[in-house]
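Trainee: Here you go, one structure.
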């Protein structure tokens, strides 16, 4: 039996909502429907974090009343476009947070996080939120995950970070990925959307 899964994203602000509605929403909702996930699109901050960048909001999801109602929560950044052939996300064991590595030294990119919502995960998020860095939520989260040995790698195709001026561009385009992460690139969103359309994905 498939776990009851919430597929969640956070989209706050008119310009971000417009971009999400144009490029990501339909793919996000179609993916949720294909795999029996509940799509949850938050349009307001979960908690006031005046000294931190908005990306830290994903660590505040345990504040929400529905969070513990699920067997699994999958958080996806709003600037990710999901291909039509993307498979279901892996099922995480309790006490593990699934993600894809980012920068060296080893760091989990927080654009896609998959986990079983429980006290252990909440405790990791709470500790990461204590970090004084205003910007790098994923650096703080990775530090706590590694210390507690709660990290679990998932297939990198679930969070393909897309860059034009990078040696990875050709593999981003010509190797089949599942989640294409525009990394806040306003030009990249329409490009990836067009690329997926012309490749029938």
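Read the figures in this text as sums done on the coordinates, not as results from a lab. It should be emphasised that the depicted structure is a prediction, and the values quoted were computed from it without experimental measurement. FYI the Cβ positions are ideal-geometry reconstructions off the backbone, even for glycines, and counts take in every protein chain you see.
Trainee: Take the Cβ-Cβ distance between residue 43 and residue 132 as r, set R0 to 41 Å, and report the resulting FRET efficiency rounded to the nearest 0.05. Walk me through the numbers before you get to the answer.
Mentor: Values: r = 28 Å, r/R0 = 0.69.
Efficiency computed from Cβ-Cβ geometry: 0.90.
Trainee: Tell me what the chain gives for mean residue ellipticity at 222 nm when only DSSP H runs of n ≥ 4 count, each as -39,500 (n - 2.57), the sum divided by the residue total, rounded to 500 deg cm²/dmol. Show your work: numbers first, answer last.
Mentor: Details: 6 runs with 57 residues, N = 201.
Helices in the chain give a 222 nm mean residue ellipticity of -8000 deg cm²/dmol.
Trainee: Roughly how many nanometres apart are two label points built 7 Å out from the Cα toward the Cβ at residue 164 and residue 183?
Mentor: 1.3 nm
Trainee: Next question, about the same structure. Please order 170, 145, 150 by the number of other Cβ within 10 Å, starting at the fewest.
Mentor: On the way: 170 9, 145 23, 150 18.
The order, fewest Cβ neighbours first, is 170, 150, 145.
Trainee: Take residue 175 and residue 198, extend 7 Å from each Cα along the Cα→Cβ direction, and tell me the distance between the two endpoints in nm.
Mentor: So the label points at residue 175 and residue 198 sit 2.2 nm apart.
Trainee: Using only alpha carbon positions, build the gyration tensor of the chain, then give the equivalent ellipsoid semi-axes as the square roots of 5 times its eigenvalues, largest first, whole angstrom. All intermediate terms of the calculation are to be shown ahead of the outcome.
Mentor: Working: eigenvalues 123, 70, 63 Å².
Those come to 25, 19, 18 Å.
Trainee: Using the alpha-carbon centroid of each, what span in Å lies between segment 74-89 and segment 126-201?
Mentor: Value for the Cα centre distance between the two parts: 11 Å.
Trainee: Next question, about the same structure. Which of 189, 141, 64 moves most in a GNM of the chain, Cα contacts under 10 Å?
Mentor: 64
Trainee: While we're on this one: Throw me the Rg/Rh for segment 1-105, computed over C-alpha atoms with Kirkwood Rh, two decimals.
Mentor: Details: Rg = 14.2 Å, Rh = 14.9 Å.
Across segment 1-105, the Cα-based Rg/Rh ratio is 0.95.
Trainee: Among 171, 83, 193, which comes first, second and so on when ranked by fewest other beta-carbon atoms within 10 Å?
Mentor: Ordered from fewest to most neighbouring Cβ atoms within 10 Å, 171, 83, 193 come out as 171, 193, 83.
Trainee: Another question, if that's okay. To the nearest 10 degrees, how steep is helix 188-198 against the longest Cα principal axis of the chain, on a 0 to 90 scale?
Mentor: 50 degrees
Trainee: To continue, here is another question. Taking 7 Å along the Cα-to-C-beta vector as the label spot, tell me the residue 14-residue 26 distance in nanometres, rounded to one decimal.
Mentor: With each label placed 7 Å out from Cα toward Cβ, I get 2.4 nm.
Trainee: A further question follows. So in the chain, what percent of DSSP beta bridges are antiparallel if you round to the nearest 5? It would help to have the intermediate numbers written out before the result.
Mentor: On the way: 11 of 25 bridges.
Antiparallel bridges: around 45 percent, rounded to the nearest 5.
Trainee: Please report the projected area of segment 104-174's Cα convex hull averaged over all directions, in nm².
Mentor: Values: hull surface 23.4 nm².
The orientation-averaged projected area of the Cα hull of segment 104-174 comes to 5.8 nm².
Trainee: Going by how many other Cβ atoms sit within 10 Å of their own, how do 20, 179 line up, fewest first?
Mentor: Values: 20 21, 179 24.
Going from sparsest to densest Cβ surroundings: 20, 179.
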